[in-house]
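Here is the structure we will look at, set down as structure tokens.
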Amino acid sequence: VQLQASGGGLVQAGGSLKLSCVGSGRTFSMYTKAWFRQLRGKEREFVAVISGHGRNADYADSVKGRFTISRDNAENTVWLQMNSLKPEDTAVYYCAASREFSLSNNPSDYTYWGQGTLVTSPA
């Protein structure tokens, strides 16, 4: 089981960026998927999570109304659309997957992790 994240880059504050995370394995496509982010020296922070069927999602308060998580199980892909980016959104973003059904915001509940993609949004 592997996750491959991509789409990070440099975007001015107020801009948009879309991250992608492609997974391997047919069963894996139905796992709960989430995005976390981390700044150097800080703990990994929850961003968004989506259920296996894609009907339910949850977001960190700091990104609600700006970020949207979505998925396509046929393509084994989850996306994070990020709009109205702020300097405080600058971080390495990681996608993660869990066999659990709950929409957890705890990184310890996720077994599988992608390699991270850097998002930079200077003021």
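The values are calculated or read from the model by the stated rules, or taken from the named source; none is laboratory data. These figures come from a predicted structure and were not determined experimentally. Heads up, the Cβs are rebuilt from the backbone with ideal geometry, glycines too, and the neighbour counts pull from every protein chain shown. Side chains included, ligands, DNA and RNA excluded: accessible areas come from the protein's heavy atoms. Shrake-Rupley method; radii C 1.70, N 1.55, O 1.52, S 1.80 Å.
For the reader, a short list of remarks on this structure follows.
- Normalised by the number of residues in the range 84-123, the mean separation of alpha-carbon contacts (under 8 Å, six or more apart) gives a relative contact order of 59 percent.
- The Cβ shell under 12 Å around residue 5 holds other residues with a net charge of +3, Lys and Arg each +1, Asp and Glu each -1.
- Space enclosed by the convex hull of the alpha-carbon atoms of the chain, per residue, Å³: 89
- Here the chain exposes an accessible surface that is 47 percent carbon and sulfur, computed with a 1.4 Å probe and the other protein chains kept in place.
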